[in-house]
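Working notes, beginning with the structure itself.
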Amino acid sequence: MGAGKTTESKVVASSENAVLISEDEWLSILYPNQINTFEEYLQYSSRLKPLIYTHVVSILKAGSNVVMDFPANTEKQREWYIKLSGFAGAQSKLIYLKASDELCLKQIASRRIEQPERAKFDTRIVFNEVNKFFQEPSESGGLNIQVIEKDA
């Protein structure tokens, strides 16, 4: 949370001429003003996953590249990507933005100003709750990983 996934995904999608699919965009359109806590995020995100899975598999099978602006903070989340790309017969790459908590919190504070509608969710409390579940990715997980070190 706050590492710069959305910014990086836009850059990658543009450079790779890929379809960009953003979890935040889908959630805000489908569930406006309904996600104010981490628990609500988990609830609504889990509803979205089956639709996104089918949608992305269809795009990949049609021969287009996809950049997914979604979290991959846990082994379970990353398994979902491996399963998705495998089912579509596509190669996958995980871009891991390695950023300090300080930088992430600074970027979250800026985002609250730029996007006031996110202020209820984009807090230090939610950040700390999300970070409790973080598991650093490793090559042994079956993903091609590109690490980008983010400086404060």
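Among the residues of the range 94-151, those that are touching a Leu at 6+ places or on another chain (Cβ under 8 Å) and in a helix (DSSP H, G or I) comprise Arg124, Phe127. Answer yes if at least one residue in the range 57-76 is in contact with a strand residue (DSSP E or B) (Cβ under 6 Å, 6 or more places away or on another chain) and surrounded by fewer than 19 Cβ atoms within 10 Å (Cβ to Cβ), and no otherwise. Yes, the conditions are met somewhere in the range 57-76. Note on the range 70-129: among residues that are touching a residue at least 12 places away in the same chain (Cβ under 8 Å) and among the hydroxyl-bearing types (Ser, Thr, Tyr), the one that is nearest to Glu23 (Cα to Cα) is Tyr81.
Restricting attention to the range 101-118, and to residues there that are under 22 Å from Pro32 (Cα atoms) and among the aliphatic types (A, V, I, L, M), which single residue is surrounded by the fewest Cβ atoms within 10 Å (Cβ to Cβ)? Reasoning before the result, please.
First, the residues of the range 101-118 that are under 22 Å from Pro32 (Cα atoms): 108-118.
Checking which are among the aliphatic types (A, V, I, L, M) leaves us with 108-109, 113.
Numbers: Ile108: 20, Ala109: 13, Ile113: 9.
Across the range 101-118, the extreme among qualifying residues is Ile113.
The requirement of being more than 16 Å from the chain's Cα centre (by Cα) and of a type in the set (S, T, N, Q) is fulfilled nowhere in the range 66-89; no residue meets it.
For the range 132-141, the set of residues classified as exposed (fewer than 15 other Cβ atoms within 10 Å of the Cβ) and touching a helix residue (DSSP H, G or I) at 6+ places or on another chain (Cβ under 7 Å) consists of Gln135 only.
Restricting the range 119-131 to residues that are surrounded by 15 or more Cβ atoms within 10 Å (Cβ to Cβ) and under 15 Å from the mean Cα position of the chain (by Cα), which is modelled with the highest pLDDT? Applying the filter and picking the extreme gives Phe127.
Scanning the range 77-92 for residues that are among the hydrophobic types (A, V, I, L, M, F, W, C) and surrounded by fewer than 18 Cβ atoms within 10 Å (Cβ to Cβ) gives Trp80, Ile82, Phe87, Ala90.
When Pro116 is tested against (1) at pLDDT below 90; (2) within 14 Å of the chain's Cα centre (by Cα); (3) not small (Gly, Ala, Ser), exactly one condition is not met: (2).
The values are calculated or read from the model by the stated rules, or taken from the named source; none is laboratory data. Quick caveat: nothing in here was measured; it's all calculated off a predicted structure. Note: ideal-geometry Cβ built from the backbone for every residue, glycine included; neighbour counts use all protein chains shown.
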